[in-house]
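Asks: Got a structure for you, written out below as structure tokens; questions coming shortly.
The values are calculated or read from the model by the stated rules, or taken from the named source; none is laboratory data. Given the structure is predicted, the values throughout are model-derived calculations rather than measurements. We place every Cβ from the backbone using ideal geometry, glycine too, and count neighbours over all the protein chains shown. With ligands, DNA and RNA removed, areas are computed over all heavy atoms of the protein, side chains included. Shrake-Rupley method; radii C 1.70, N 1.55, O 1.52, S 1.80 Å.
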Amino acid sequence: MSLQITSDGSHTVISDRYNVPYHSIHGAIQETKHVFITNGFLRCKKDILKILEIGLGTGLNALATLDSNSILQKEISYTALEAYPLEQVFVDGLNYNSFFNSTLMHAFDTIHHCHWNKNISLSESFSFKKILKKLQEFESDELFDLVYFDAFAPNAQPEMWSTAIFQKMYGLMDSGGILVTYCAKGQVKRDLRSVGFQVESPPGPPGKREMTRAIKEH
């Protein structure tokens with residue numbers, strides 16, 4: 001593992017397991033805000049949201065969602081899956097304190113230090129739970145309104161981009177739910193459509209022409 005500065009000045013981590021970065025080298029924070037906040041979180045109309053993140057990683061997506069919700073004040077229940085937690089030494093080296101205020105960074109520390117499989121409060125309107133489990137092993141009685149699908153790229157982690165995985169995601173989502181991912185591969189979009197999603201291709205973040213947004217209509 002190693003830290004790397006991306007083009008917007010924010011850190012990403014290079015995975016030694018997959019030999020790829022956790023975020024876009026064209027800007028980690030730019031990518032997170034564009035893909036998951038602008039094209040996911042801000043598209044949700046409900047005032048009460050259940051969010052599922054596939055791949056907690058550095059915690060940047062959760063941090064950016066908490067930041068955005070400081071204005072919107074939706075009631076959020078955020079569940080993050082992570083099979084391979086980031087070592088604390090790399091969490092401590094991340095420079096996100098240069099981009100987010102001290103209150104948010106306190107919450108960021110809590111995200112990484114809290115117990116697994118236990119609901120905690122990051123703010124009055126934001127509950128958070130991280131689960132040490134692979135998606136393939138995850139089951140839930142509740143349905144999610146928004147999914148941040150942030151697995152490593154298909155060439156690095158192909159098992160996470162199968163039709164079976166997308167069928168599972170479809171089953172975990174409520175009617176009208178939105179799934180967003182940075183990946184824009186044609187096969188991924190075809191597989192999402194094959195399990196019932198309506199698929200859209202918004203412009204991508206810096207360095208990518210497109211991204212993917214999938215909607216469960218019924």
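Asks: Report the net charge of residues surrounding Met1, where surrounding means a beta-carbon distance below 15 angstrom and charges are Lys +1, Arg +1, Asp -1, Glu -1.
Replies: Here the count lands on -3.
Asks: Something else: If you wrap segment 165-212's Cα atoms in a convex hull and average its projection over all directions, what's the area in nm²?
Replies: The number I arrive at for segment 165-212 is 3.3 nm².
Asks: Using 0.36 nm per residue of separation minus the Cα-Cα distance, give me the extension gain between Ile14 and Asp47 in nm, one decimal.
Replies: Fully extending the segment from Ile14 to Asp47 adds 8.3 nm.
Asks: Let me ask another. Stretch Thr38-Glu139 to full length: gain in nm at 0.36 nm per residue minus the Cα-Cα span?
Replies: Taking 0.36 nm per residue and subtracting the Cα distance, the gain is 33.6 nm.
Asks: Give, rounded to the nearest 20 debye, the magnitude of the charge dipole that the chain has about its Cα centre when Lys and Arg contribute +1 at Cβ and Asp and Glu contribute -1 at Cβ.
Replies: It works out to roughly 560 debye.
Asks: Still on this structure: Using only the Cα atoms of segment 51-123, build the gyration tensor, take square roots of its eigenvalues as a ≥ b ≥ c, and label the shape rounded, prolate or oblate: rounded if a/c is under 1.5, else prolate if a/b is larger than b/c, else oblate.
Replies: Because a/c hits 1.5 or more and a/b fails to exceed b/c, segment 51-123 counts as oblate.
Asks: First compute the accessible area of segment 1-46 with a 1.4 Å probe, then give the percent of it belonging to carbon and sulfur atoms.
Replies: That fraction is 49 percent.
Asks: With only alpha-carbon atoms counted, please give the Rg and Dmax of the chain, in Å.
Replies: Looking at the chain, its Cα Rg and Dmax stand at 16.0, 44 Å.
Asks: In Å², what does the accessible area per residue of the chain work out to with a 1.4 Å probe?
Replies: Result: 45 Å² of accessible area for each residue.
Asks: Right, here's the next one. May I ask you to compute the full-extension gain from His26 to Met1, defined as 0.36 nm times their residue separation minus their alpha-carbon distance, rounded to one decimal in nm?
Replies: 7.1 nm
Asks: Also, I was wondering about something else. Quick check: net charge around His112, other residues with Cβ under 15 Å of its Cβ, Lys/Arg +1 and Asp/Glu -1?
Replies: Spelling it out: positives minus negatives among the neighbours equals -2.
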